[in-house]
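Below is one structure, written out as structure tokens, with a few remarks after it.
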């Protein structure tokens, strides 16, 4: 919050006058620092707003990085991973909860079963249904099922949070 005030007549233009007043809101817990500099009254709330701007912009950058990482990991798995048709063989209990058991045959002819987290709205994941599966043969825990909205939804949430935090940061910056 920027408060513009008239400079008292007895204040030298080249020197800052610093004083401390106690806030009514926080009683003795916080001191309100006020000083005059070229006719403008600057309150410590500006420093707090600037700190919040930095936090919002850092959060936006973090969400953007997370979104890009998730998108690139999925795209790399689709581009470089092995594509197979898998059959939903049922559900299994894993340490993370209930997962789908996806059974498929590798290009080398081996039969494998991989656990895949059960989507909340498991449309198209009925037992016996066929799904397109991308996996990394070197790291079989890296799996992407084509059309899984939960994976795509997480990416959208990362990008939406990045935009929201950036907008909040810019709004607070405009308040300075």
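Here, each number is a calculation from the coordinates, and none is a lab measurement. None of these values were measured; they are calculated from a predicted model. Please note: Cβ atoms are built from the backbone with ideal geometry, for glycine as well, and neighbour counts cover all protein chains shown.
For the pair residue 48 and residue 110, how long in nm is the line joining their label points, each one 7 Å along Cα→Cβ?
Calculated label separation equals 6.0 nm.
Evaluate the relative contact order of the stretch 64-110 (contact order divided by residue number), counting alpha-carbon pairs under 8 angstrom at least 6 apart; express in whole percent.
28 percent
Can you tell me how much longer the chain between residue 141 and residue 89 gets when fully stretched, taken as 0.36 nm per residue apart minus their C-alpha distance, in nm with one decimal?
Taking 0.36 nm per residue and subtracting the Cα distance, the gain is 17.0 nm.
Taking 0.36 nm per residue of separation and subtracting the Cα-Cα distance, what length does fully extending residue 149 through residue 118 add?
The residue 149-residue 118 span can extend by a further 10.0 nm.
Pop a pseudo-label 7 angstrom from the Cα along the beta-carbon direction at both residue 69 and residue 127 and give the gap in nm to one decimal.
Calculated label separation equals 3.8 nm.
Which of the three applies to the stretch 103-160, rounded, prolate or oblate, going by the alpha-carbon gyration tensor with a ≥ b ≥ c and a/c under 1.5 meaning rounded?
oblate
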